Amino acid sequence: MMRRWLVLQVVAALLVAAASVAAADYAAGVSLYKKQRYAECIQELQRYTEKTPDPRAYYLMGYASYKRRDFSGARENFRKAYLIDPDFKPSSLGIKR
């Protein structure tokens, strides 16, 4: 019983640690977008979405792709955002386009 409890605690701690790392990856992507470093923003958010399918990240990659005049990439990322969350609102990003 005690061993099972310890295993559950370790698993919970690992999940919390992974979530905080993922949140830092998303924040780094937002920071890069705000600095107009769009290619780096896309790379950072691609790493993030490999671990965490987040409509905000896909939508932000769409904006970054659009700023780079990669319109097909923008369209694809916007599409992925809405596949994950059909009710997604761009205003939830908290950034200026």
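The values are calculated or read from the model by the stated rules, or taken from the named source; none is laboratory data. Predicted, not measured: the structure shown is a model, and the values here were computed from it. Note that we place each Cβ from the backbone using ideal geometry, even for glycine, and neighbour counts take in every protein chain shown.
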- line: The residue that is surrounded by the fewest Cβ atoms within 10 Å (Cβ to Cβ), considering only those in the range 76-97 that are of a type in the set (S, T, N, Q) and in contact (Cβ under 8 Å) with a residue 12 or more places away in the chain, is S92
field: Unmet requirement for P53, which otherwise passes all of (1) assigned to a helix (DSSP H, G or I); (2) at pLDDT 90 or above
entry: (1)
- prompt: Does D70 fit the bill of being charged (D, E, K, R) and modelled with pLDDT of 95 or more?
  reply: yes
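In this structure, does L60 turn out to be out of contact with any strand residue (DSSP E or B) (no Cβ under 9 Å at 6 or more places or on another chain) and at pLDDT 95 or above?
Criteria met by L60.
Every residue, every condition in (1) of a type outside the set (A, V, I, L, M, F, W, C); (2) surrounded by 15 or more Cβ atoms within 10 Å (Cβ to Cβ); (3) in a helix (DSSP H, G or I), yes or no:
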{"position": "S31", "(1), (2), (3)": "yes, no, yes"}
{"position": "Q36", "(1), (2), (3)": "yes, no, no"}
{"position": "C41", "(1), (2), (3)": "no, yes, yes"}
{"position": "E44", "(1), (2), (3)": "yes, yes, yes"}
{"position": "Y48", "(1), (2), (3)": "yes, yes, yes"}
{"position": "Y58", "(1), (2), (3)": "yes, yes, yes"}
{"position": "M61", "(1), (2), (3)": "no, yes, yes"}
{"position": "Y66", "(1), (2), (3)": "yes, yes, yes"}
{"position": "A74", "(1), (2), (3)": "no, yes, yes"}
